[in-house]
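Have a look at the structure below, then the notes.
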Amino acid sequence: QKEVEQDPGPLSVPEGAIVSLNCTYSNSAFQYFMWYRQYSRKGPELLMYTYSSGNKEDGRFTAQVDKSSKYISLFIRDSQPSDSATYLCAMNTGNQFYFGTGTSLTVIP
Amino acid sequence: NAGVTQTPKFRILKIGQSMTLQCAQDMNHNYMYWYRQDPGMGLKLIYYSVGAGITDKGEVPNGYNVSRSTTEDFPLRLELAAPSQTSVYFCASSYRLGGTDTQYFGPGTRLTVL
């Protein structure tokens, strides 16, 4: 069983739609949960990180963690063509980081 | 600041050849990481370093070596290249504060082993 599972998509939505991206994990020792955005042929960049269960909002992005279900989500409101990228979830315990395989998102104008 | 820089951008190796992937950061970060990214497999941690002179293995260290003689540089060495090492390699750095940190990634090195 993989440490982190993420639906690879691809996901295609019209501009302005709400996007939901999800990951599940198996290791209950994971403490921090992150979402990265990766544009084609670029390195990942951190969007958000959370520590506890619940929601964290930053502009159009909301990160949600449910530790009891070992499930995390990233919601994107009012999606824009510039949001077209691959989104990677990640989590860590200590110095070891584990990444999901990434979900490819295309926002159509 | 240049951030995290990696050289070369692309490289083709023959089986059995050796090479060093260079990584440098100018943000005075104490933590540095090497990842590989394969299609459909996500990022896998190869090695990491918590400071000059200190390195440790990640999830997939076999076939690789690292050293950290300065805060700024963290080269990754492939001694005997194999086709299984064909991948995109990313270096990252961070300033650890608390249990997690913001990792800044370099642009990547695309390596093909034939």
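No value in this document is a laboratory result; all are computed from the given coordinates. What you are looking at is a predicted structure, and each value in this text was computed from that prediction instead of being measured. FYI the Cβ positions are ideal-geometry reconstructions off the backbone, even for glycines, and counts take in every protein chain you see.
Listed values, structure above:
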{"read-out": "Chain A: most fluctuating residue of A:ALA29, A:ALA85, A:ALA17 per GNM, C-alpha cutoff 10 Å", "value": "A:ALA29"}
{"read-out": "Rh by Kirkwood over Cα pairs, then Stokes-Einstein D for the protein assembly as shown at 0.890 mPa s and 25 °C, µm²/s", "value": "136 µm²/s"}
{"read-out": "Tail fraction, Cα-Cα pairs, chain B, threshold 22 Å, whole percent", "value": "26 percent"}
{"read-out": "Space enclosed by the convex hull of the alpha-carbon atoms of region A:31-81, per residue, Å³", "value": "89 Å³"}
{"read-out": "Most mobile listed residue (B:MET19, B:MET41, B:MET32) in chain B, GNM with C-alpha springs under 10 Å", "value": "B:MET41"}
{"read-out": "Positive minus negative residues near A:ALA85 (Lys, Arg vs Asp, Glu; Cβ under 10 Å)", "value": "0"}
{"read-out": "Cross-link pairs A:LYS2/B:LYS9; A:LYS56/B:LYS44; A:LYS42/B:LYS44; A:LYS2/A:LYS70; A:LYS56/B:LYS57 - those with Cα-Cα distance over 24 Å", "value": "A:LYS2/B:LYS9; A:LYS56/B:LYS44; A:LYS56/B:LYS57"}
{"read-out": "Listed residues B:TYR48, B:LEU80, B:SER94: farthest to the positive end of the dipole of chain B (Cβ charges)", "value": "B:LEU80"}
{"read-out": "Dipole in debye (nearest 20) - region B:26-114, about Cα centre, beta carbon charges: Lys, Arg +1; Asp, Glu -1", "value": "140 debye"}
{"read-out": "Estimated inter-spin distance, A:GLN31 and A:THR93, nm [label 7 Å along Cα→Cβ]", "value": "1.1 nm"}
{"read-out": "Separation of the B:ASN30 and A:ARG77 label points, Cα + 7 Å toward Cβ, nm", "value": "3.8 nm"}
{"read-out": "Volume per residue that the Cα convex hull of region B:52-114 spans, once the total is divided by residue count, Å³", "value": "103 Å³"}
{"read-out": "Kirkwood estimate for chain A, i.e. one over the average of 1/r between Cα atoms, Å", "value": "13.9 Å"}
{"read-out": "Relative frequency of Cα-Cα separations exceeding 17 Å in region B:1-55, percent", "value": "53 percent"}
{"read-out": "Difference of contour (0.36 nm per residue) and Cα-Cα distance, A:ASP7 to A:SER20", "value": "3.6 nm"}
{"read-out": "Rounded to the nearest 20 debye, dipole of the protein assembly as shown from Cβ charges on Lys, Arg, Asp, Glu", "value": "480 debye"}
